[in-house]
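Visitor: Have a look at this one.
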Amino acid sequence: MRVLVPPLAALVLLVSCSSENDRRSGDTGMADTASGGLSTHDTMPTAVSDSGSVSGNGEATPAAVLSQMNVANTTEIQLSTLATKKASSPQVKQIARKLVADHTKNREQVRALAQKVNVTLTPAQGGSISSGDSVAMPQDLQSLSGAGFDKAFIQYQIDAHESNIHRIQNQTLPAVQNEQIKTYLQKTVTDMQGHLATLQQIQQQLGS
């Protein structure tokens, strides 16, 4: 079963968050009018300037990229936390817990890297969100329960991960000039590819 997610203009990365009225989540979910110009599943940062627009030379600035990654991680943590409670399948609960743990670790790396490169993470560059915000389950998933929810959540995450991996590999990485941020993004893509492989395995186990 495929969940159709309406486009959300974005805040950012990897998964969004204020309330469902303001946005929909992806691998992290983004806000309709937040900076970054991302759609529902496009939760990775594009080449944006400090003000959230593409810089003249196409470079993705450290402040913009890291702010967006911070927001995206927070969104994914919140959405997956809700999924750990709503899912009925042990496999789905397990991957949701893994997404929470891995994105929490990734968010810590983002914040440490921001300090290292001396940039401030701001909502203006990543969307309006804080680690204390609550996030509503996307409408497409809200009305589902049991096996229907499990299959829809897994499909939702597969779509989000595929989109984000593509965006970061083809748009963000080529535009980033800072080598430390490049290394971080490359590792993040590898981690996300691992998530995607697990999600696809679970999808097969759940059946059609």
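Visitor: In whole Hz, with x marking every Gly and Pro, tabulate ³J(HN,Hα) for the stretch 90-103 from phi via Karplus 6.51 cos²θ - 1.76 cosθ + 1.60, θ = phi - 60°.
Guide: Each residue of the stretch 90-103 in turn: x, 5, 5, 4, 5, 5, 5, 5, 5, 4, 4, 5, 5, 6 Hz.
Visitor: Could the peptides 141-149, 74-82 be put in order, highest first, of the mean number of other beta-carbon atoms found within 10 Å of their residues?
Guide: Descending packing order for the listed peptides: 74-82, 141-149.
Visitor: Using label points projected 7 Å from each Cα along Cα→Cβ, tell me how many nm separate D191 and Q109, to one decimal.
Guide: 0.4
Visitor: Tell me the label-point distance for the pair L206, Q180, using the 7 Å Cα-to-Cβ offset, in nm and rounded to one decimal.
Guide: 3.9
Visitor: Next up: Compare the peptides 65-71, 185-191, 200-206, 94-100 by average per-residue count of other Cβ atoms within 10 angstrom and give them in order, highest first.
Guide: 65-71, 94-100, 185-191, 200-206
All of the numbers you see were taken from the coordinates with simple rules; none came from a lab. Note that the structure is a prediction, hence the values are computed from the model and not measured. Counting neighbours? That spans all protein chains shown, and the Cβs are built from the backbone with ideal geometry, glycine included.
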